[in-house]
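Reading through the structure tokens given below for one structure.
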Amino acid sequence: MPKGLFISLEGGEGAGKSTLARALQTALIAHGRDVVLTREPGGTPGAEQIRDLLVKGDTERWSAMTEALLFYAARVDHVEKVIQPAIGRGAIVISDRFADSTMAYQGAAGGIELARLKALHRLALGDFQPALTLLIDIPPETGLARTRDRLGLEVRFESKALAFHERLRNCFRQLAADEPDRFVTLKGEDDADKVAARALSAVMDRLNDE
Ligand code: Z5A
């Protein structure tokens with residue numbers, strides 16, 4: 001049985017995470033792998049209910065700490081019911097966002113010290129982390145322009161000021177610099193096929209290393 005692998009995709013709004021997730025899924029299935037595509041917040045029925053609480057409503061509906069606790073409640077359900085069982089049966093799990101998003105959104109942009117969020121992570125999930133995190137780095141103006149025209153836009157996070165999105169970007173880059181073995185950074189302004197080819201090559205390298 002092949003070994004399971006947990007991959008997370010991270011980056012700001014409109015970076016191309018969902019597009020990349022689908023492309024990677026198709027490519028890895030073509031390589032004969034069992035692939036589970038999932039997302040955060042969400043991924044289980046309970047976590048999808050928590051997602052509704054988080055992405056709908058007024059921008060100031062929750063404090064950053066309340067958001068972090070809700071994200072972690074959803075994340076524990078997701079890890080226990082979907083991610084760990086899939087890895088256990090040898091699947092590749094691709095999650096559109098995971099814990100680094102909490103560090104960036106509720107931490108760097110929301111004002112909670114990263115040390116407190118890391119303590120919350122340890123309490124909730126111990127040292128569980130993706131084996132590989134693909135960060136799609138893109139200037140916020142470019143990413144936001146891509147999302148603006150979408151129908152049914154969930155606006156709570158997108159409507160925050162540009163400075164908020166700059167803090168997100170800087171935090172993601174710092175997280176990648178702090179953990180170079182886990183992160184691979186991709187240039188989000190490249191066309192989608194090029195981003196997918198680079199990502200697939202990083203995944204194949206990781207599979208060969210495991
Ligand atoms: N959040 C948080 O605060 N804390 C947490 O712990 C977690 C999440 C886990 C979830 O929203 C929100 O929750 C999110 C962070 C917060 N804030 N926001 N917004 P979401 O999941 O609904 O939204 P998102 O994660 O930001 O995804 P997105 O806006 O849908 O963007 P994306 O998935 O990165 O992009 P995309 O859908 O693949 O592409 C966007 C458009 O660009 C689309 O028309 C594509 O065809 C196009 N595209 C994609 N790639 C390219 C390239 N390479 N070139 C040109 N055009 C492209």
Problem - Dipole axis of the chain (+1 Lys, Arg; -1 Asp, Glu on Cβ), positive-most option in Ile136, Ala119, Asn170 - result: Ala119
Completion exercise
Any residue on another chain or 5+ positions along whose placed amide H is under 5 Å from the amide H of Val35 is listed here as Ile92
Fill in the blank from the handout: Rounded to whole Å², per residue accessible area for the chain with a 1.4 Å probe reads 47 Å²
Problem - Note, ³J(HN,Hα) from phi for the range 169-178, Karplus 6.51, -1.76, 1.60, rounded to Hz, x at Gly and Pro - result: 4, 4, 5, 4, 5, 5, 4, 5, 5, 6
Exercise for the section: Over every pair of different alpha-carbon atoms in the range 1-138, take the mean of 1/r and invert it; report that Kirkwood radius in Å. Expected result: 15.4 Å
Problem - Computed over the chain: relative contact order in percent, which uses C-alpha pairs under 8 Å that are six or more apart - result: 33 percent
Problem - Cα-based reach from Lys3 at 16 Å (exclusive), listing aspartates and glutamates while leaving out same-chain residues under 8 positions away - result: Asp34, Asp205, Asp209, Glu210
Handout entry: Estimated dipole of the range 5-209 in Debye, rounded to 20 [Cβ of Lys and Arg +1, of Asp and Glu -1, Cα centre]
Key = 200 debye
Fill in the blank from the handout: Calculated from DSSP helices alone, with each H run of at least 4 adding -39500 (n - 2.57) and the total divided by the residues of the chain, [θ]222 nm to the nearest 500 comes to -15500 deg cm²/dmol
Exercise for the section: Just tell me which lysines come within less than 19 Å, Cα to Cα, of Lys56; anything on the same chain fewer than 8 places away is out. Expected result: Lys160
Problem - Nearby lysines by direct alpha-carbon distance to Lys194 (threshold 16 angstrom, same-chain neighbours under 8 apart not counted) - result: Lys17
Handout entry: Loop GluC sites (Glu not before Pro), the range 27-107, which have at most 13 other Cβ atoms in a 10 Å radius of their Cβ (DSSP)
Key = Glu60
Completion exercise
In the chain the accessible area split gives carbon plus sulfur, as whole percent at 1.4 Å, a share of 52 percent
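The values are calculated or read from the model by the stated rules, or taken from the named source; none is laboratory data. What you see is a predicted model, and the numbers here were worked out from it, not measured in a lab. Here the Cβ is made from the backbone with ideal geometry for all residues, glycine too, and neighbour counts use every protein chain on show. For accessibility, only protein heavy atoms count, side chains too; no ligands or nucleic acids. Shrake-Rupley method; radii C 1.70, N 1.55, O 1.52, S 1.80 Å.
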